[in-house]
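The values are calculated or read from the model by the stated rules, or taken from the named source; none is laboratory data. For clarity, every value in this text was computed on a predicted model and none was experimentally measured. FYI the Cβ positions are ideal-geometry reconstructions off the backbone, even for glycines, and counts take in every protein chain you see.
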Amino acid sequence: MKKSLAYKLIESHLLEGEMIPGEEIGIRIDQTLTQDATGTLVMLELEAMDLDRAKTEVSVQYVDHNLIQEDHKNPDDHLFLESACERFGIWFSRPGNGVSHPVHQENFGRPGKTLLGSDSHTPAAGALGMLAIGAGGLEVAMAIAGFPLYIKMPKIWGVRLDGELPDWVSAKDVVLEMLRRFDVDGGIGYVIEYYGPGLAQLSTMDRHVIANMGTELGATSTVFPADEEVRKYLRYQQREEDYEPWLPEPDCHYDRHTEIDLSSLVPLIAMPSSPGNVVTVEEVAGDEIYQAYLGSSANPGYRDFAIAAEILKDHTVDQQVSFDVNPSSRQLLVELIRDGHLSGLISSGARLHQAGCNGCIGMGQAPASGKLSLRTVPRNFPGRSGTKEDQVCLVSPETAVASAIKGTITDPRTLGTEYPKLTFPTEGAIQRKLLQEPPTPEESKQVTLQKGPNISSLPDFEPLPRSLELQALLKVGDDISTDEIMPAGARVLPYRSNIPRIAEFVYDIVDPTYSTRAKEQFEATRVGHFIIGGENYGQGSSREHAAIAPRYLGLRAVIAKSFARIHWQNLVNFGVLPLTFADPADYDHLESGDQIVLENLDLLDQAKELTLLNLTQDRAIPVIHDYSPRQIRILAAGSLINWAASHVG
């Protein structure tokens, strides 16, 4: 069998298991990436493991999410992260250096390597021919400590690109086309691999856009070949020596196949409030907008900003539009200043923000209530922007700028101006000197972790008992995201290293009474509860707070029709049982308030099916699990932290 690139990448890092789709495998992790919204827990987990020093080739901690410093909490956490990096031998990227994914690609990404990140958009590094995977922070902590990453062997989905993109259509429209065809769960269980003659037109940063948003399809990862275009990119970053060709074998095997004729694509838009709610811009043109937004890890490249500046020549932003520009990295910001594009954006009406995630994660730049906001960000889950009744749409830079000029959703092909022809620079404005290299092992041992008053120790979790009697405290529908389970934004994320405090916000968007009810019940009885879910439960962000905070409140099981990969893994890691209905119709036979019993939990290794006894409705409901023997040991211990504490070193 001729091998795909994804297959070759996995095979070259395989440590345990067989490469049979659906079977658990363990792969070696070369690099890790953490960001501050999830990294604080990672560092606390490393402390709990009593790790001496990172065992990866490269591990980097970025500060890009929680940049607003309205009080002590965020800056205290920044100092804690810096001290933890010094203690554990990890690179540190301070506030202002930019978003983790483009900065990592600029400075550390290498073809053929594996990258594990505590951010769901880590697969963006697949643009360089890497196998990059998003995971919960505890999985990343384990990788830093030298353990393999355990995942189910994915299938490989080949996507052949033919033709050339028309004017006014760009990489964002390619991935929106994938979402239009296959929706937010179409990629579950797959690594998406792009190939074909259409790649010749796509720069490495164009590929970054597509790989980044493969996450929104539910894919394990997305990969592109490390070809001459990648060599060109690394030369631009003054790292050509890191180039190594990684290509699929001709006529290789794919488990699934799709073809896209790039020349047939048109400007697309994901309407509120799902990345899969995609229509053509032409269909919805004319609706008034409040905001247009450039930047984020989904459109972080030089062209994404420069093309906007060129389109805006001889134009100004409509007076009713807030046109927000978020440079993705310090390097990009310097390049835009150097080449005159930043002044063009600002003089046309742009509002310039610091290099970071910012409004994408709900840290400022929230839109007006009920008003349309057109953004080049990767996702538009309800309330993620910071506005409860938000109306966020996902678009390309071309559509965002055209709409900012007109004040309404605008198909950029109708602007009546010629599509700009960009001249790309040949040298990057390298800012690597501003990344902090870890000290020597001897120096690291002298470092004391700096913990501000908002940083609390991780809670202790008891082992799994032989049986559980639980009450259903919440029933939710399909495609519940981790943004709905554990909201982001300036109101919540500053408590990311304080589990008792952040637990007060669990499910706040869906049911504001949930956390209070769960806490009161658990404190009074020490009896836990469970949640009933629909399809694709836990889609979206990798933040493990969506698992650890509900567990702190007494969550012991989630019974759902199906789960998103990362959240399913996070639940297991914190001792919560993710179980699926053997018959999805039984979803209708469980209701909030029902009392259930789960027995024989000490025999999970002997049967994949359990019987859930609904005491309230006097009904037996079969539920199934798909835990590996390793995960059963984790559940029995109460959490991966409990298990790891006795194995590190």
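Scanning the range 254-264 for residues that are farther than 23 Å from PRO111 by Cα, in a loop (DSSP other than H, G, I, E, B) and either outside the structural domain of TYR302 (by TED's automatic domain parsing) or in contact (Cβ under 8 Å) with a residue 24 or more places away in the chain (or both) turns up at least one hit.
Taking into account only those residues within the range 491-530 that are of a type in the set (A, V, I, L, M) and closer than 20 Å to PRO382 by Cα, which is modelled with the lowest pLDDT? Taking the candidates together, the pick is LEU493. Assess whether ALA472 counts as being surrounded by 20 or more Cβ atoms within 10 Å (Cβ to Cβ) and modelled with pLDDT of 95 or more. Yes: the conditions hold for ALA472.
In the range 301-390, which strands (runs of 3 or more DSSP E) lie fully inside it and hold 2 or more residues that are in contact with a helix residue (DSSP H, G or I) (Cβ under 8 Å, 6 or more places away or on another chain) and within 26 Å of SER93 (Cβ to Cβ)? By residue number, 322-326. The residues of the range 396-442 include none that are in a strand (DSSP E or B) and free of Cβ contacts under 8 Å to residues at least 60 places away in the same chain. Looking across the range 497-519 at every residue that is assigned to a helix (DSSP H, G or I) and among the β-branched types (Val, Ile, Thr), the one that is farthest from GLN35 (Cα to Cα) is identified as THR516. Of all residues in the range 120-177, those satisfying the criterion of being acidic (Asp, Glu) and in contact with a helix residue (DSSP H, G or I) (Cβ under 8 Å, 6 or more places away or on another chain) are GLU139, ASP162, GLU164, ASP167.
Before we move on, is ASP71 surrounded by fewer than 22 Cβ atoms within 10 Å (Cβ to Cβ) and closer than 21 Å to GLU47 by Cβ? It is false that ASP71 is surrounded by fewer than 22 Cβ atoms within 10 Å (Cβ to Cβ) and closer than 21 Å to GLU47 by Cβ.
Of the candidates PRO578, PRO512, the single residue that is out of contact with any Gly (no Cβ under 7 Å at 6 or more places or on another chain) and without any contact (Cβ under 8 Å) to a residue 40 or more places away in the chain is PRO512.
For the range 271-292, a tally of residues being farther than 20 Å from GLY186 by Cα and surrounded by 17 or more Cβ atoms within 10 Å (Cβ to Cβ) returns 6. One residue stands out among those in the range 118-135 that are small (Gly, Ala, Ser) and in contact with a His (Cβ under 8 Å, 6 or more places away or on another chain): the one that is surrounded by the fewest Cβ atoms within 10 Å (Cβ to Cβ), which is GLY134.
Listed here are the residues, each with its yes/no results for (1) touching a Leu at 6+ places or on another chain (Cβ under 8 Å); (2) at pLDDT 90 or above; (3) loosely packed, with under 15 Cβ neighbours inside 10 Å.
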position	(1), (2), (3)
THR410	no, yes, no
GLU427	no, yes, yes
GLU442	no, yes, yes
ASP460	no, no, yes
VAL476	no, yes, no
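Residues checked against (1) farther than 29 Å from ALA582 by Cα; (2) free of Cβ contacts under 8 Å to residues at least 60 places away in the same chain; (3) acidic (Asp, Glu):
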{"site": "ASN454", "(1), (2), (3)": "yes, no, no"}
{"site": "GLU462", "(1), (2), (3)": "no, no, yes"}
{"site": "PRO465", "(1), (2), (3)": "no, no, no"}
{"site": "LEU470", "(1), (2), (3)": "no, no, no"}
{"site": "GLY477", "(1), (2), (3)": "no, yes, no"}
{"site": "PRO494", "(1), (2), (3)": "yes, no, no"}
{"site": "GLU504", "(1), (2), (3)": "yes, yes, yes"}
{"site": "THR525", "(1), (2), (3)": "yes, yes, no"}
{"site": "GLY533", "(1), (2), (3)": "no, yes, no"}
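Matching residues to (1) free of Cβ contacts under 8 Å to residues at least 12 places away in the same chain; (2) farther than 14 Å from LEU468 by Cβ; (3) not small (Gly, Ala, Ser):
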| position | (1), (2), (3) |
| --- | --- |
| ASP586 | no, yes, yes |
| LEU590 | no, yes, yes |
| GLY593 | no, yes, no |
| ILE596 | no, no, yes |
| ASP618 | yes, yes, yes |
| SER628 | no, yes, no |
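Given the structure, is ILE25 outside any helix (DSSP H, G or I), touching a residue at least 60 places away in the same chain (Cβ under 8 Å), more than 23 Å from ASN107 (Cα to Cα) and β-branched (Val, Ile, Thr)? Taking the combined requirement at face value, the residue satisfies it. Those strands (runs of 3 or more DSSP E) of the range 552-619 in which 2 or more residues are touching a strand residue (DSSP E or B) at 6+ places or on another chain (Cβ under 8 Å) and crowded, with 22+ Cβ neighbours inside 10 Å occupy 555-560, 577-581, 595-598.
Scanning the range 1-22 for residues that are assigned to a helix (DSSP H, G or I) and either out of contact with any strand residue (DSSP E or B) (no Cβ under 9 Å at 6 or more places or on another chain) or not aliphatic (A, V, I, L, M) (or both) yields TYR7, LYS8, GLU11, SER12, HIS13. If the condition is being in contact with a Gly (Cβ under 8 Å, 6 or more places away or on another chain), more than 22 Å from VAL140 (Cβ to Cβ) and either in the same structural domain as LEU33 (by TED's automatic domain parsing) or part of a loop (DSSP other than H, G, I, E, B) (or both), then the range 527-551 contributes VAL527, GLY528, GLY534, ASN536. Taking the conditions (1) within 30 Å of VAL42 (Cβ to Cβ); (2) assigned to a loop (DSSP other than H, G, I, E, B) in turn, GLN631 satisfies each one other than (2). On inspection, MET49 does not qualify as modelled with pLDDT under 95, within 30 Å of TYR254 (Cβ to Cβ) and out of contact with any Asp or Glu (no Cβ under 7 Å at 6 or more places or on another chain). I'd like to verify a number: residues in the range 201-229 that are under 16 Å from PRO248 (Cα atoms), in contact (Cβ under 8 Å) with a residue 24 or more places away in the chain and not in a strand (DSSP E or B), how many? Qualifying residue count, the range 201-229: 4.
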